[in-house]
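Any read-out appearing in this document is the output of simple, stated calculations on the displayed coordinates, not a laboratory observation. Since we're looking at a predicted model, the values are computed, not measured. Heads up, the Cβs are rebuilt from the backbone with ideal geometry, glycines too, and the neighbour counts pull from every protein chain shown.
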């Protein structure tokens, strides 16, 4: 098995080196020259979302009470792609921007651009760190190396892939990795299903576990609403999604790829949830990493190879996409403010340098001890409580202005920080931060309305 996995990882790295030939400019590196067809764009969006939190994080959370416990991921994530397709993809594509930070400069000016770019950049470190942690868990199981060494191996693979090939490498590997992901999760599902006795094994799963509607208690409702908002709305203002939309060859491809990826993601992401529920209730197995531990101890080498190849594919595709996103913001929205004249070679140099800086920072965070689910959630919360309202209202509300945007970013983020870290009300902090972000955007835009 380890030989197969190693060969697969070397093949992925090889694509990164091959992709380097396609890069002639910073735009090629960050947006694949805006030339991706529908199938590559759709697969890139799907693979960006289908990461460690889908297979490892959500599959462990679902055991705590069923689908209602994972409303954030995958249901909120699928909702994000579908909503983004209908609400923002075409308006964004028509603006002909290089980064998501450019939107805030064009709409509100340089001050808002810098603040928004900062919020965007810090939002990605937790997400990237989660992928490194996941790679460490999986590769430790596969290879027998220590957890720390496994994280470092994952770090170097993702760094080499992203550094050398940029968006072209990500798009090409995402196409391959999406096929591997879909095949592996479906293959493993049927393998586990047959081990448990077939379709009748579903009867052993409590019916309440298939419910996606929460109990009508204050605590459950607040947790449910905040969970749905965190990724469902919070990831809409994201550089990673922006890069995939803008890498499409036209706005219709960008639109349809987002819609297709949303439904495709929801369909595939439910499979590992069903698999782990069968493992627990029909086969009586549960551990700290139930799905990974069951596959590694109760199946043959062929099944293990398929499963771990798919899992590592999911992790690598998400990690490389997450690293390129803040790197683009560094090189396009921050560094040009310091170095006034930029050639294409300079842009490309700083984009690759930013990849290294972002990767190293995320690596340090990966050793912090946070869970995969917590690291991913914290990333989307930041953009939800700071950037969602100035972004959406900036598209659809003519009265939106600089003062409103600055106030909403600062107030929304501050409210979330205070309620979450001082009063320790996590779910309430998300909702109140979001409301503060929206209300302050409207109020301050009206108070300082352009004459």
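Each Cα pair under 8 Å and six or more residues apart adds its sequence gap; the mean of these over the residue count of the range 2-369 is a relative contact order of 39 percent. Within the range 296-319, name every residue whose backbone N is under 14 Å away from a label modeled 7 Å from Cα of residue 194 along the Cβ vector. Once the point is set 7 Å along Cα→Cβ of residue 194, 299-304 turn out to lie under 14 Å by backbone N, inside the range 296-319.
Please work out how much length the chain gains when fully extended from residue 156 to residue 4, using 0.36 nm per residue of separation minus the C-alpha to C-alpha distance, in nm with one decimal.
Details: separation 152, 0.36 × 152 = 54.72 nm, distance 1.89 nm.
Taking 0.36 nm per residue and subtracting the Cα distance, the gain is 52.8 nm.
Quickly estimate the mean residue ellipticity at 222 nm for the chain, helices only: each DSSP H run with n ≥ 4 gives -39500 (n - 2.57), and the total goes over all residues, rounded to 500.
Working: 20 runs with 335 residues, N = 451.
It comes out at -25000 deg cm²/dmol, rounded to the nearest 500.
Counting neighbouring beta carbons within 10 Å and listing from fewest to most, the residues 413, 263 come out as 263, 413.
Once the convex hull of the alpha carbons of the range 258-320 is built, what does its volume come to per residue, in cubic angstrom? In the range 258-320, the Cα convex hull volume per residue is 98 Å³. Between residue 218 and residue 90, the simple label model (points 7 Å from Cα in the Cβ direction) yields a spacing of 4.4 nm. Based on the reciprocal of the average 1/r between different C-alpha atoms, the Kirkwood radius for the range 2-369 equals 20.8 Å. Here the range 1-62 and the range 269-298 have alpha carbon centers that stand 26 Å from each other. Quantify how much of the Cα-Cα distance distribution of the range 1-154 extends past 23 Å, in percent. Counting every Cα pair in the range 1-154, those more than 23 Å apart make up 56 percent.
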